[in-house]
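For reference, the structure is listed below as structure tokens.
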Amino acid sequence: MTPYYQDDYVTIYHGDCLEWLESWQLGIGLVLTDPPYGINYDSRHNSSWHQRGSKWMRKDRWRRPVNFPGIIGDDKPFDPSPWLPFGRCGFFGGNYCADNLPPSRCWVVWDKNCDKTPSKQADCEMVWTNFGKPARVYRHLWRGIIREGEENISREPKQHPHQKPLALLRFLIEYSETTGLVLDPFAGSGSTLIAAKQLNRPSIGIEIDERYCEIAASRLTQEALPLQAS
């Protein structure tokens with residue numbers, strides 16, 4: 001298996017994560033991922049795509065509405081069972097597959113509305129975890145183009161229709177109280193991998209869509225050195 005991208009902290013593979021499942025059973029401390037939910041989500045966010053040689057690149061057009069491409073695998077329900085034997089896990093969209101997950105007291109509710117006027121989108125997202133800790137609410141504003149943190153629209157346009165805040169991902173990694181490799185089998189634009197790198201955690205990402213492999217590699221190339229402990 002040849003890495004699509006690799007640095008001192010991160011390795012990205014391009015392919016179907018289920019085909020490589022047995023390769024990752026050992027040495028994984030945490031599985032943290034935002035898988036396809038099986039809802040055939042129709043994005044209306046900003047994106048266009050072009051191909052440069054063998055690479056797929058994203059190109060903004062003045063940040064005006066152009067659809068993201070569809071998410072591969074979003075046409076069927078997510079099955080979490082292959083990943084549960086890895087140990088500590090966190091799945092975004094756990095409410096979509098809760099009937100296939102063990103009961104857990106440690107749900108993390110991401111409040112992304114933060115007391116703003118409700119929109120047509122959900123006020124929160126639910127992350128199923130088996131961390132064995134108290135349930136938590138994490139507040140981080142994320143309403144369309146109105147976003148807090150490193151991904152503020154003035155600094156970095158959204159790279160994926162389901163992109164998550166780096167601050168939230170860092171919180172989840174730290175809240176898991178794990179060590180070792182972080183695995184994201186549905187890596188998308190690489191946010192989990194960036195968050196792990198910022199926390200000095202090695203990580204592996206697998207992504208089936210080469211367009212997002214290229215975006216993740218580009219983001220990681222531009223990423224600063226890991227955060228230093230104070």
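Any read-out appearing in this document is the output of simple, stated calculations on the displayed coordinates, not a laboratory observation. Computed from a prediction, not measured in an experiment: that's the story for all the values here. Backbone-built Cβ (ideal geometry, glycine too); neighbour counts: all protein chains shown.
Suppose the chain between residue 99 and residue 16 were pulled fully straight at 0.36 nm per residue; how much longer would it get relative to their current alpha carbon spacing? Numbers along the way, then the final one.
Details: separation 83, 0.36 × 83 = 29.88 nm, distance 2.42 nm.
Answer, rounded to one decimal: 27.5 nm.
If I model a spin label as a point 7 Å beyond the Cα along the Cα-Cβ vector, how far apart are those points for residue 148 and residue 79 in nm?
3.9 nm
Pull out the extension gain between residue 115 and residue 167, defined as 0.36 nm times the separation in residues minus the alpha carbon to alpha carbon distance; nm, one decimal.
16.8 nm
Report P(r) for the range 78-189: all Cα-Cα distances, bin width 10 Å, range 0 to the bin holding the largest distance, values in whole percent.
All Cα pairs, binned at 10 Å, distribute as 12, 44, 35, 9, 0 percent.
Around residue 177, with a cut-off of 14 angstrom between Cβ atoms, what is the net charge of the other residues, counting Lys and Arg +1 and Asp and Glu -1?
On the way: positive: 88, 133, 136, 170, 201; negative: 174.
Value of the local net charge: +4.
Go through 164/197; 76/197; 112/158; 120/164; 116/197; 158/197 and tell me which ones have a Cα-Cα distance over 24 Å in this structure.
Values: 164/197 15 Å; 76/197 31 Å; 112/158 15 Å; 120/164 18 Å; 116/197 32 Å; 158/197 20 Å.
Checking Cα-Cα distances, 76/197; 116/197 exceed 24 Å.
How charged is the neighbourhood of residue 91? Take every other residue with its Cβ under 14 Å from the Cβ of residue 91, and add Lys/Arg as +1 and Asp/Glu as -1.
On the way: positive: 88, 164; negative: 34, 79, 99, 125, 184.
Neighbourhood net charge equals -3.
At what distance in angstrom do the alpha carbon centres of the range 112-153 and the range 157-218 lie from each other?
17 Å
Calculate the spin-label point distance for residue 122 paired with residue 141, positioning each point 7 Å from the Cα along the beta-carbon direction, and give it in nanometres.
2.2 nm
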